[in-house]
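A.B. asks: Dropping the structure in here first, questions after.
Please treat every number below as a calculation from the coordinates, not as lab data. All values derive from a computational prediction rather than experimental measurement. Here Cβ is always computed from backbone atoms with ideal geometry, including for glycine, and neighbour counts include all displayed protein chains.
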Amino acid sequence: MKTTVLILAVAAILAGCAGARSTVYKGERVGQARSIAKSDVQTNKPILMTKGSLPPEVKVEVVGEIRAQQSFYGDTSRVYESMAAKARQVGADAVVEVKVKYRVAAFAWGAPSISGVGIKIIDDGGVDIKKLEGEWR
């Protein structure tokens, strides 16, 4: 009996230690995400993550809301990486209006959770995107 309880406790703890995960919601391209060929996804393409929005002269297409979260305590670096990977997968060039929150999870009072809007840049309008405020992942 004690062994069974111990095994269940260890399994529950390990389930809480799962890595970051990400999800895409809404948007026209979300349904197309599954059909994008792996060869079309640039695995090393840098993604801009910014709390603000892009300048008005930059023309964009909204891909959808992207969320990423971690199931255990920790900093946001793994969650940002997960969000950037999902943005690449759906063809986004940037994630704007990024919000960082800490939520209660199974084994954590402060598991990081990030959300933002994935966008595809259609025309940069002469703006040097590399110089915009934000973090590149």
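A.B. asks: Size of the dipole of the range 56-95 about the Cα centre, Lys and Arg at +1 and Asp and Glu at -1 on the beta carbon, nothing else charged, in debye to 20?
C.D. replies: Once rounded to the nearest 20, the dipole reads 160 debye.
A.B. asks: Quick one: Karplus J couplings for the range 65-74, per residue in order, coefficients 6.51, -1.76, 1.60, θ = phi - 60°, nearest Hz, x for Gly and Pro?
C.D. replies: 6, 10, 10, 9, 8, 10, 8, 9, 4, x
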